[in-house]
């Protein structure tokens, strides 16, 4: 128990100074007389509600700006367009925060859909299928392998994401065979690289691949 010589009183708990005279205390401190309540953290639900509220405020504010300025400015329209995607991205990050590979894969797929929408608004596709989608898929495969190496995951833990990446890489080559791709080089390179990578996994990591297939497909 702590003691104040000046006030001649004993003080329970662990105090840095006397509560009466603010003088120094002697003696050994005790456990607090009352339980210490943990600091209240911001819950996931409250965080998402705050984000939705900010999103609603921003959207309505930008709509007002567009109304009073007759849509003369470029920024409000872009904010109105991209704010829902930002909110969706935040929700996905919160929901999949424990699985970064799944988060990266889902966000990349959403990004590809947005790119296709923006490029196809005039009724045709050009820069998205020629450059953005093939390069994004290659970056996704590279990032998947880097994250798997950093987090020390086995092939069985991320083979599903690699399979999805391979399917995306092969699907985007269809634009070449249907003569819809004005610059097919990058699409073909991406498809060939993914086939080479699939061959490497099948030949040199056969045991891991077999374990993965046994887990997911009961092979």
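The values are calculated or read from the model by the stated rules, or taken from the named source; none is laboratory data. All of these numbers come straight from a predicted model, not from anything done at the bench. Please note: Cβ atoms are built from the backbone with ideal geometry, for glycine as well, and neighbour counts cover all protein chains shown.
Numbers for the structure displayed
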read-out	value
Top-ranked residue in the stretch 60-87 [being touching a helix residue (DSSP H, G or I) at 6+ places or on another chain (Cβ under 6 Å) and touching a residue at least 12 places away in the same chain (Cβ under 8 Å); ranked as nearest to residue 45 (Cα to Cα)]	87
Counted residues, the stretch 175-191 - those being part of a helix (DSSP H, G or I) and out of contact with any helix residue (DSSP H, G or I) (no Cβ under 9 Å at 6 or more places or on another chain)	1
Subset of the stretch 114-136 (residues that are more than 30 Å from residue 98 (Cα to Cα) and loosely packed, with under 14 Cβ neighbours inside 10 Å)	118, 120, 121, 122, 123, 124, 127
Residue list for the stretch 85-108, restricted to those being over 17 Å from residue 145 (Cα atoms), in a helix (DSSP H, G or I) and under 12 Å from the mean Cα position of the chain (by Cα)	86, 87, 88, 89, 90, 91, 92, 93, 94, 95
Boolean, residue 139 is surrounded by fewer than 17 Cβ atoms within 10 Å (Cβ to Cβ), more than 20 Å from residue 176 (Cα to Cα), modelled with pLDDT of 90 or more and in contact with a helix residue (DSSP H, G or I) (Cβ under 9 Å, 6 or more places away or on another chain)	yes
Any hit, the stretch 37-48, residues being surrounded by 12 or more Cβ atoms within 10 Å (Cβ to Cβ), touching a residue at least 12 places away in the same chain (Cβ under 8 Å) and either on the phi > 0 side of the Ramachandran plot or outside the structural domain of residue 127 (by TED's automatic domain parsing) (or both)	yes
